[in-house]
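Encoded as C-alpha cells, the structure appears first; notes follow it.
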Amino acid sequence: ITGGMSGTNVQPASLVAGAQGNVAVSFTNSSTIPSDGIVQVILPNSLGNGFVANSGGTTAVSASSLTGSFSVSTATTSTSTIVTVTRSGGSTTANGAQTITLTNIKNPDITGSTGTYTIRTLTSADVVVEEATGVTADTITAGSITSPNIQPASLVASAVGTVAVTLTTTNPIPANGK
C-alpha cells in the first residue's frame with residue numbers, strides 16, 4: 001500500500017431499510033489512480049441480507065472526477081457485497097478528491113448499524129495502491145407501513161366479534177418478529 005486515503009465516506013441516498021437507489025462514495029487519494037486502475041467498494045452484510053447489488057437494474061457507476069469508461073462487477077460473500085469498478089480509456093487520475101456514484105444498490109432489510117465500509121484503489125494487476133478500512137458506518141432506519149386498516153366484523157355498538165387488521169410492510173417481518 002503506497003498511500004493514505006482520507007476524506008472517506010460511503011453514503012446511501014436513503015437510509016431506510018430495504019430502500020433501493022444510489023450510493024455515493026467519496027475519498028481523497030494521495031496516490032495516482034492508473035488509467036486502467038480499479039476502485040473497489042466493500043459494503044458490509046451485517047444486517048439481514050445486507051446490501052444487494054443489481055437491485056432494480058444492473059449496478060452501474062458515474063464519476064465526475066475520473067475519466068474513461070467503466071465496467072462494474074459485483075460479488076457477494078457471507079460478510080460483504082463487493083463492487084469493483086474497472087477503468088479503461090481514461091487518463092491517470094492525480095491525487096485529490098474523488099466521488100463516484102453506484103446505482104441500483106438495495107439497503108439491508110433490517111434496521112441497525114451497517115458496520116464499517118472499505119474503499120480501495122488497485123492496479124489492473126489487483127495490487128492495492130490505497131485502502132481505507134473502517135469507513136464510518138451508517139444507521140439503517142425502519143421502513144414504513146402502508147395501507148393500514150382495522151375493520152371490525154360488525155359496526156353495531158357493543159357488538160362482540162372479530163377484527164380484521166391488514167397492512168403492507170416495506171420489509172419482511174422476521175419469523176420471531178412482533
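Okay, residues lined up against (1) in contact (Cβ under 8 Å) with a residue 60 or more places away in the chain; (2) within 30 Å of N171 (Cα to Cα); (3) more than 20 Å from the chain's Cα centre (by Cα):
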{"position": "L66", "(1), (2), (3)": "no, no, yes"}
{"position": "T74", "(1), (2), (3)": "no, yes, no"}
{"position": "V83", "(1), (2), (3)": "no, yes, no"}
{"position": "S88", "(1), (2), (3)": "no, no, yes"}
{"position": "Y117", "(1), (2), (3)": "yes, yes, no"}
{"position": "S124", "(1), (2), (3)": "yes, no, yes"}
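Report, ordered by the first and then the second residue, all pairs with beta carbons closer than 7 Å, sequence separation of six or more or different chains, a first member in region 22-33 that is free of Cβ contacts under 8 Å to residues at least 40 places away in the same chain, and a second member that is open to solvent by 30 Å² or more (accessible area, probe 1.4 Å).
Hits for this filter: zero, empty list.
Is it true that A125 is in a loop (DSSP other than H, G, I, E, B) and surrounded by fewer than 14 Cβ atoms within 10 Å (Cβ to Cβ)?
yes
Can you find a residue in region 136-154 that is assigned to a loop (DSSP other than H, G, I, E, B) and loosely packed, with under 10 Cβ neighbours inside 10 Å?
No, region 136-154 contains no residue that is assigned to a loop (DSSP other than H, G, I, E, B) and loosely packed, with under 10 Cβ neighbours inside 10 Å.
Tell me which of these S158 doesn't satisfy, since it passes every other one: (1) open to solvent by 70 Å² or more (accessible area, probe 1.4 Å); (2) free of Cβ contacts under 8 Å to residues at least 40 places away in the same chain; (3) in a strand (DSSP E or B).
Result: S158 fails condition (3) only.
The values are calculated or read from the model by the stated rules, or taken from the named source; none is laboratory data. Please read these numbers as outputs of a predicted model, since none were measured by experiment. Ideal geometry is used to build each Cβ from the backbone, glycine not excepted, and the neighbour counts take in all protein chains shown. Ligands, DNA and RNA are stripped out before the accessible areas are found, and what is left, the full protein with its side chains, is counted by its heavy atoms. Shrake-Rupley method; radii C 1.70, N 1.55, O 1.52, S 1.80 Å.
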